[in-house]
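Chemist: Next up is a structure, given as structure tokens.
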Protein chains: 2
Amino acid sequence: MDDGVAVLRADAQRNYDRLIHTATTIFEVQGASATLESIAKGAGVGIGTLYRHFPTRRALLEAVYADRVAKLVARVPSLLQKMSPDKALLSWLEMTVDYSLQYGGFSGLLEVASKEKDSPITSAGSQLLTKAQEAGLLRNDVTMVDLLRLINGIVVDIAPEDVKRTNTLVSVIITGLKT
Amino acid sequence: MDDGVAVLRADAQRNYDRLIHTATTIFEVQGASATLESIAKGAGVGIGTLYRHFPTRRALLEAVYADRVAKLVARVPSLLQKMSPDKALLSWLEMTVDYSLQYGGFSGLLEVASKEKDSPITSAGSQLLTKAQEAGLLRNDVTMVDLLRLINGIVVDIAPEDVKRTNTLVSVIITGLKT
DNA sequence: ACCTGAACACCGTTCAAGT
DNA sequence: ACCTGAACACCGTTCAAGT
């Protein structure tokens, strides 16, 4: 019985850590479409080693942003405790937008995760949306996948000078969801 | 004095027409990111000829969808004549979404054009939005670039089974814009 | 004036050889 | 068990040579 994390050989573990560290930095600067070659090179490993640890770009993005996703998930119950579910959803969406704006590659992860109804991000948001809908606060004909599609549209390819527009756009969406 | 359209040598004109025709078909099937190589090949011309006529992918997209853009522009005054400006904007946005869903490459054009405040598409929509704002029907703190960002988010990378969701999402946005 | 396609650059992905 | 990087595939873009 273990905790589900495979034990790696010392050199493999070191390469894994270096890849995560380098990818974090490079995604930060260049965004989620940075070349994998540059990440491998920056980490001082062969490109094959990157592929061994992370068979897809998505796997790498998930590993790099695992802690932020965990934070988004953890925020759900604490928000529900403090405020009404519609306000909680608004707050949670703003947090998601903030992560996308702060961390270069996060929006690349959001882009794929938002399309799946049972990804960690979608599942977390769904709890808030469903609660708000059950309370009759938000319209019933919208799913979390729908909502994240709109949110993703707000942050994708955004220019630095447009960042200040995002709050307004999130508020448009939330207002549009009110019953 | 001419009409602004350069007169091409007969073979050049034929190649131009073939490129447009082939590009229309291929964008339809594969979307705006189809390879330029496949378009040149399908048109029976060298890749250099494609670049001579269309120096960028965007130039090709604009040429292919010129008539649809013209329709969107032409629709503005006729919509304003028939209904209130907020309803006109909703109708116009639905038309824009329909084009993006119907024509494979149109959303690729929308993606770039929507970011410029004076592209033909943005300018056309702006007239409706401004009228609706002046009439006090829609909130004043949103621009057409903002709005097209949301619209683009709705249609980009949409799976066939999600197409039916787009009407709901457009209505969420319009509702959210109401004062 | 226009066309062709080879050539170059760049990136993703695999896999044989090595430790 | 893990790593390396050459090799292959693919695509965008340019430009010398040709008509």
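Chemist: Going by the conditions given, is residue A:128 more than 23 Å from residue B:174 (Cβ to Cβ), buried (at least 20 other Cβ atoms within 10 Å of the Cβ) and modelled with pLDDT of 95 or more?
Modeler: The answer is yes for residue A:128.
Chemist: Condition check: basic (Lys, Arg) and surrounded by fewer than 16 Cβ atoms within 10 Å (Cβ to Cβ). Does residue A:115 satisfy that?
Modeler: Criteria not met by residue A:115.
Chemist: (1) hydrophobic (A, V, I, L, M, F, W, C); (2) within 15 Å of DNA strand D (Cβ to nearest atom); (3) over 25 Å from residue B:147 (Cβ atoms); (4) under 19 Å from the mean Cα position of the chain (by Cα): which one isn't true of residue B:20, the others all being true?
Modeler: Single failed check for residue B:20: (2).
Chemist: So, one more: State the number of residues belonging to the range B:109-133 that are charged (D, E, K, R) and without any contact (Cβ under 8 Å) to a residue 24 or more places away in the chain.
Modeler: Of the residues in that region, 1 qualify.
Chemist: Now, a different point. Please go through the range B:44-67 and pick out each residue that is within 16 Å of DNA strand C (Cβ to nearest atom), within 14 Å of the chain's Cα centre (by Cα) and free of Cβ contacts under 8 Å to residues at least 24 places away in the same chain.
Modeler: B:59
Okay, residues lined up against (1) more than 20 Å from the chain's Cα centre (by Cα); (2) under 29 Å from residue A:29 (Cβ atoms); (3) within 12 Å of another protein chain (Cβ to nearest Cβ):
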site: A:84; (1), (2), (3): yes, no, no
site: A:89; (1), (2), (3): no, no, no
site: A:109; (1), (2), (3): no, yes, no
site: A:112; (1), (2), (3): no, yes, yes
site: A:119; (1), (2), (3): no, yes, no
site: A:133; (1), (2), (3): yes, no, no
site: A:145; (1), (2), (3): no, no, yes
site: A:157; (1), (2), (3): no, yes, yes
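Chemist: It is to be established whether one or more residues within the range A:32-43 are of a type outside the set (S, T, N, Q), exposed (fewer than 14 other Cβ atoms within 10 Å of the Cβ) and within 11 Å of DNA strand C (Cβ to nearest atom).
Modeler: yes
Chemist: I'd like to verify a number: residues in the range A:65-78 that are surrounded by 19 or more Cβ atoms within 10 Å (Cβ to Cβ) and more than 17 Å from residue A:106 (Cα to Cα), how many?
Modeler: 1
Chemist: Kindly indicate whether residue A:32 is closer than 30 Å to residue A:156 by Cβ and either near DNA strand D (Cβ under 8 Å from one of its atoms) or not charged (D, E, K, R) (or both).
Modeler: For residue A:32, the condition - closer than 30 Å to residue A:156 by Cβ and either near DNA strand D (Cβ under 8 Å from one of its atoms) or not charged (D, E, K, R) (or both) - is met.
Chemist: Right, something else. What about residue B:47, is it surrounded by fewer than 17 Cβ atoms within 10 Å (Cβ to Cβ) and within 11 Å of DNA strand D (Cβ to nearest atom)?
Modeler: yes
Chemist: Give the range A:97-111 a look and list any residue that's of a type in the set (A, V, I, L, M) and buried (at least 19 other Cβ atoms within 10 Å of the Cβ), or say none.
Modeler: Within the range A:97-111, A:97, A:109, A:110 qualify.
Chemist: Just wondering, is there one or more residues in the range B:1-24 that are at pLDDT below 95 and more than 16 Å from DNA strand C (Cβ to nearest atom)?
Modeler: yes
The values are calculated or read from the model by the stated rules, or taken from the named source; none is laboratory data. Treat the numbers as computed from the prediction; the structure is a model and nothing was measured. With ideal geometry, Cβ positions are generated from the backbone for all residues, glycine too; neighbour counts draw on all protein chains shown.
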